[in-house]
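I have placed the structure first, in the form of C-alpha cells, so that the comments after it can refer back to it.
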Amino acid sequence: MGFEKLLVIGLLAMFLLGPERLPEYAARLGRLVRTARRMLDDANSRMREELGEDFDVDEWRKLDPRQYDPRRIIRDALLEPDPEPEPEPEPEPEQEPEADHAPARAAGTGETVFDSEAT
C-alpha cells in the first residue's frame, strides 16, 4: 500500500470514529499488528527448527509464482542458442540370413531337404 492510500484510510477513520474513539482504535490496531508480527516470527522460527539448518528463505522466494513473467520466459527461450545436435549412430549393416536356418532345397528337384539331426 502506498502512502496516499494510508492517508485516505486514516482520514476516513478519523471522520467515522471521531476524535474521542480514534486513540482507542489506534491502540487496538497497534496491538493487533504486534500480535500478528509475533505470530509470524514464531511460525518462521518453528519452520526453521523443523526444516533444519539447510532451509533457506531465498530458495522459497525463487519458487514464488508472482515473479514469473510469461513474456520474459518466452523471450529468454527464443534467444537461447540451440543445443548442438548429437550425431546419430550409424545403422548396423543388415546381416544376410544364414543358409543353416532356411530349409535347403535339393538341386534341380524342387524338394525341400530336412536335416533330421537338427531337431
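The values are calculated or read from the model by the stated rules, or taken from the named source; none is laboratory data. Small disclaimer: the values here were computed from a predicted structure and weren't measured. Every residue, glycine among them, receives a Cβ derived from its backbone with ideal geometry; neighbour counts consider all protein chains shown. Side chains included, ligands, DNA and RNA excluded: accessible areas come from the protein's heavy atoms. Shrake-Rupley method; radii C 1.70, N 1.55, O 1.52, S 1.80 Å.
The condition of being open to solvent by less than 100 Å² (accessible area, probe 1.4 Å) and either out of contact with any Cys (no Cβ under 7 Å at 6 or more places or on another chain) or at pLDDT 85 or above (or both) holds for Asp69. Taking the criterion of being touching a helix residue (DSSP H, G or I) at 6+ places or on another chain (Cβ under 8 Å) and open to solvent by 60 Å² or more (accessible area, probe 1.4 Å), the residues of the stretch 1-43 that qualify are Met14, Tyr25.
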